[in-house]
Amino acid sequence: MKQRLCGSLPPILVLLLAAIVLGLAPDAAEAQMPPARVRVAKVQQREVTTGETFVGSVEPVRTSTVGSLVEGRVVEMLVNEGDQVRQGDPLAKLRTTQLEIELAGAQAELELRRQELAELENGTRPEEIEQARARMMAASALMDYTAAQLRRSKSLYERKAASIDELQEKESAAMAARQKYLETKAAWEEAVAGPRKEQIAKARASVAVQQESIRRLQDDISEHTIAAPFDGHVTAEHTEVGQWIAKGDPVAEVMALDAVEIEVAVLESYLPKVQLGASARVSIGALPGKVWEAPVVAIVPKADVRSRNFPVKVRLENPAGPNGALLKSGMFARVTLPVGDRQQALLVPKDAVVLGGQTSVVYAVAPMPGGQGPPSGSPQGPAPDGMARQVPVTLGASVDDWVEVRGPLGPDDRVVTVGNERLFPGRPLMVIHGAGPSGNDQ
C-alpha cells in the first residue's frame, strides 16, 4: 500500500516528506532517551581571594648542554634534533682505536699475571719435589766422596807421601761439595714447603694493579662515548662527524620535559599574597579548553630593577601527547594566582567543570518544561528531576576542591558533578542522592 502511494506521488513531494521525517527523528530519539543518572552539588557563595592572571612561557625543569670529557675526533653522531633519548643513550662517539689496542695488551698482561698467581697458589708439583730430592741425594753422594778423599790426603800428608798443595785441593773440593749439598737440601725443603705467603700476596697485588690499569683504559674508552645525562629530547647539535673537539666542548643539548615550569613576573604589590605551595591555574594558548592545577614551587627574592616584578615559578607534570610530551618548551602560558582582593564569589566543585571545548562549561539542573515526563510510578519509570542546562563559565581562583566560576549561575543552583561527561543541553536528569565526591549531601 505504501509503495503504491509513494509511487503515485510526484518526486518533489516524496523528497519533502523524507526531509520532514528525518528532521523529526532526532527529537523523537531524545524524547525516548531515559534520564541520565547524575550526582549534583549546590553552588556555594563564599568570600575568596580573587585570582589575577599573568603570562609566561613553558620551560623545562632540566636542560643540559652535554660536553665532552676528553678531546678527540668525532666518528659517529648518533642523534638528531628532536630525537627522544633515555638516560645513558649514546649521543656521539670519538675515535678510540689507540686505546682499544692498549686495552688488548693490558688484558693479555692480566692473563699472564693471573696464571703466575695460580701457579703459586697451586703449590709445588710432586715431580718438582722429586727432582729436588734427587739433586740433594746426588750432592750428598758427592759430599761423601770428597770427604773420603780428604781423609786419604791427610793420611798421606802425615806420612810425607803427599804435598801440601794436594791436601789443600782435597779440602777445597770437600768444602765445595758440602756447600752444594746444603744448597740442594734447602731447595728440596723449599719445594716441600711450597711458595711463601708473601710471594702469593705479591702476585695477587700484581693482578690487582693490572686490573685497575684495565679499568682506567675502559673508563678512558667510555669517556669517548658522550651519553645522555637523563631522559629527554635532543634540542640542539653542536658538532658533526669528522670534527675535532677539545675537552669540555659542547656536543648536544638535552632537555627533560617530563615536568615543566612556568615563570611569571608578579608585581611587588601582589607578592605578599603569593604562598609557596598555593594552587595556581594554568592554561596554554596552543591548547584551548585545557586547564591544569599547578603548585607554586619558587618565589625568587630578587626583582627586576626596572619593572619591580618578582619571578614566581609553578610546576606541573607534563602529560603525554601524540608527539611525545604534550607541553613543549616556549609555549605561551597564562597563570592565574590567588593574589587579588577578597570578595564574594560563586564556587562549584572542580568535578563539575567540563573542559575540552572552546570554553569551560558546567551543567546545571533546570526544571522540566511544563512538568514534562511520566508521573512517578508509571510503567515508563519515575519522572525526571530536571533537565541539563549547559552554562559557559570563566574560571577563577581555586579553593581546595572548589573553583570560582563566573557565569549565569546562582547560589541556589545545582550543578552536576558525576555523570556530566556525556550530557547535552536538554537531556532529562535523574539525581542520585547521597554523599558526593565533594563531601556534600546531594
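What follows draws every value from the coordinates through simple rules; no lab data is involved. The shown structure was predicted, so the numbers you read here are calculated from the model rather than taken from an experiment. Counting neighbours? That spans all protein chains shown, and the Cβs are built from the backbone with ideal geometry, glycine included.
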- Task: Note the angle between two axes, namely the Cα long axis of helix 126-158 and the longest principal axis of the Cα atoms of the chain, as a number of degrees from 0 to 90, rounded to the nearest 10.
- Result: 20 degrees
- Task: Report, in degrees rounded to the nearest 10, the 0 to 90 angle that the Cα long axis of helix 197-223 makes with the longest principal axis of the chain.
- Result: 40 degrees
- Once amide H atoms are placed 1.01 Å from N in the peptide plane, what residues at a sequence separation of 5 or more from A298, or on another chain, have their amide H within under 5 Å of its amide H? K313
- Kindly put V339, V300, V314 in sequence by how many other C-beta atoms sit within 10 Å of each C-beta, fewest to most. V300, V339, V314
- Message: Can you order the peptides 65-76, 327-338 by their average number of other Cβ atoms within 10 Å per residue, highest first?
- Response: 327-338, 65-76
- Given the peptides 301-312, 201-212, 274-285, arrange them by the average over their residues of other C-beta atoms within 10 Å, most packed first. 274-285, 201-212, 301-312
- Using a simple charge model, +1 on the beta-carbon of Lys and Arg, -1 on the beta-carbon of Asp and Glu, nothing else, what dipole does the range 102-219 show about its Cα centre, in debye to the nearest 20? 600 debye
- Query: Any idea what angle helix 164-193 forms with the longest principal axis of the chain, computed on alpha-carbon atoms, 0 to 90 degrees, nearest 10?
  - Reply: 20 degrees
- Would you please put 218-227, 38-47 in order of how densely packed they are, using the mean number of other Cβ atoms within 10 angstrom per residue and starting with the highest? 38-47, 218-227
- Query: Could you state the number of Å between the C-alpha centres of the range 270-304 and the range 51-123?
  - Reply: 39 Å
